[in-house]
Amino acid sequence: MSLIENIIRPEVRALVAYHVPDSTGFVKLDAMENPYTLPQELRNELARRLADVAMNRYPVPSYRALKAKICDKLGVPAGFDVVLGNGSDELISMISVACAKPGAKVLAPVPGFVMYAMSAQFAGLEFVGVPLKADFMLDKAAMLAAIEQHKPAVTYLAYPNNPTGILFDADDMVDIIRAVGDSGVVVVDEAYQPFAQASFMPRLAEFDNLIVMRTVSKLGLAGIRLGYMSGSAALLSEFDKVRPPYNINVLTQAAAEFVLDHAQVLDAQAAALRDEREKLVAALTALPGVKVFPSAANFLLMRVEAENTSANNVFSALLERKVLIKNVGRMHALLENCLRVTVSTPEENKLFLDALKASLAS
Ligand SMILES: Cc1ncc(COP(=O)(O)O)c(C=O)c1O
C-alpha cells in the first residue's frame, strides 16, 4: 500500500476537490457575488478602522460585539443568539462534525448546494439526496418517506435553493420540520435571503429542531468569509463546541462590524439586483431557445432548448466571449442542458445577454 492509501480514508481519496475556475479577464457571473463595492467614503473610513485593528492579538473568541450587531441588524429574533462561521461553509462542516455519530445520515433535496453532501462525506456521514420535482419544487411525499426511512440527523432546505433559485413552499417546509421532530435538526439555509425577502428566522421560536443559517457573502461581503446561524440555545451551544476558537479573524470582525453599521447600503444594492433580476428574466423569456426558471435569488437558472445547440456549446461560446457562467448540466439529471448565471449590474447583464444571443446563433 502506498503512503496515501495507508493514511487517507478511501471515501476522501474518491472525492474530487471543489473546483473554482480561474476567472481572470472574464465577466464573472458564476459565483453569485454582488458586483457592487462600497461607496468611496465608506471604503476610506473602513481602511482607517482596519488600520487600527490589533493584528498582533488573537481575536476574542466570544465575538460578543459582532454577534450582537448581527442579531440587531439582520433580524435575529429577541432571545436568540448566533454561532459564527468562516463562511456558512464552515457552519455546515461544524454541523456535520457535531452530528457524525456512527451511522448518522444527512438528507437534502437534490439538485442542491453541493457542500451539504461533501461536508457529510468529509465527516463520515451518509448523504441521502431526494430528487426535486421536474419544476424544481419539493417532492414533499418523497421527502417525508425518506425522513421516515432514514431518520436523518441533519436535513438541509435551502430557501431559496441553489442552483435552481426556487423558493420552496413554506407549508411543505413546516411539514418536513415537524416530520423530522426530535430525531434530527432541520437547517434552513438562507444564503440568498436578501433577494428572497422571505425567511424562517422570525419563526425560530416555533420549532426546537430548526436552525436558520445565513451568510454575508451574497450581500456583498463574500471576501471576508462570514456566516451565522441561529436556533435554540441548547443546539447552538453544542455546535459551538466544535467551532475552531478563533475562526473569525480580526479583520473580518472589524470589517463586518463597520459595514453592518451601514447595512442600508447593502440593502439598496440588493434591491437594485432584485430589479435587475426581473429585467433579465424578461429579456431571457423573450429569447427563443432558452427557458428561464423563476428565481428568488441573485441568479437565474435557464435551460437551453434550441434545436441547433446545447448548454455545453453555449457555455463554451460564452467563454470564448469572455463571459463566465456556471454549466450545471452535469450536477444532476434534472439539470440537463441547464446553465446558471449571476444577476449583475445593468452593464454586465447586457454583456451577458449580447454574448448569449451570439452564442445561441453560433
Ligand atoms: C445555498 C448556499 N449555502 C451556502 C453557501 C456558502 O456560502 P458562504 O460563502 O457563506 O460559505 C452557498 C454558496 O454559494 C450557497 O449557495
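In deg cm²/dmol, rounded to 500, what helix-only [θ] at 222 nm does the chain give when every DSSP H run of at least 4 residues adds -39500 (n - 2.57) and the total is split over its residues?
Details: 14 runs with 147 residues, N = 362.
So the helix-based figure for the chain works out to -12000 deg cm²/dmol.
Using a/c under 1.5 as the rounded threshold, could you call segment 134-260 rounded, prolate or oblate? The axes a ≥ b ≥ c are square roots of the C-alpha gyration tensor eigenvalues, and prolate needs a/b larger than b/c, oblate otherwise. Cα axes put segment 134-260 in the oblate bin. Between Ala286, Ala222, Ala145, whose Cα lies farthest towards the positive end of the dipole of the chain when Lys and Arg beta carbons carry +1 and Asp and Glu beta carbons carry -1, centred on the Cα centre? Going by the Cα projections, it comes out as Ala222. When Cys71, Cys99, Cys338 are sorted by how many other C-beta atoms sit within 10 angstrom of their C-beta, beginning with the fewest, the order is Cys71, Cys99, Cys338. With all projection directions averaged, the alpha carbon convex hull of segment 188-297 covers 9.0 nm². Normalised by 2.2 N^0.38 Å, where N counts its residues, the alpha-carbon radius of gyration of the chain equals 1.01. Ranked by how many other Cβ atoms sit within 10 Å of their own Cβ, fewest first, the residues Ile4, Ile95, Ile147 fall in the order Ile4, Ile147, Ile95. With all pairs of separate Cα atoms included, segment 244-297 yields a Kirkwood hydrodynamic radius of 14.2 Å. Normalised by 2.2 N^0.38 Å, where N counts its residues, the alpha-carbon radius of gyration of segment 1-82 equals 1.81. When each full DSSP H helix of the chain is screened for a Cα extent of at least 24 Å along its own axis and an average Kyte-Doolittle hydropathy of at least 0.0, the helices passing are 263-285.
Near Lys326, which lysines are there with a Cα under 23 Å away, not counting those fewer than 8 places off in the same chain? The reachable lysines, counting only those whose Cα sits under 23 Å from Lys326, are Lys28, Lys133, Lys218, Lys279, Lys291, Lys350, Lys357. Straight Cα distances below 30 angstrom link Lys101 to the lysines Lys67, Lys140, Lys151, Lys241, with same-chain residues fewer than 8 positions distant left out. Counting only Cβ charges, +1 for Lys and Arg and -1 for Asp and Glu, the dipole size of segment 86-146 around its Cα centre is about 200 debye.
Bear in mind that the values in this text are calculations on the coordinates, not laboratory data. Small disclaimer: the values here were computed from a predicted structure and weren't measured. Note that we place each Cβ from the backbone using ideal geometry, even for glycine, and neighbour counts take in every protein chain shown.
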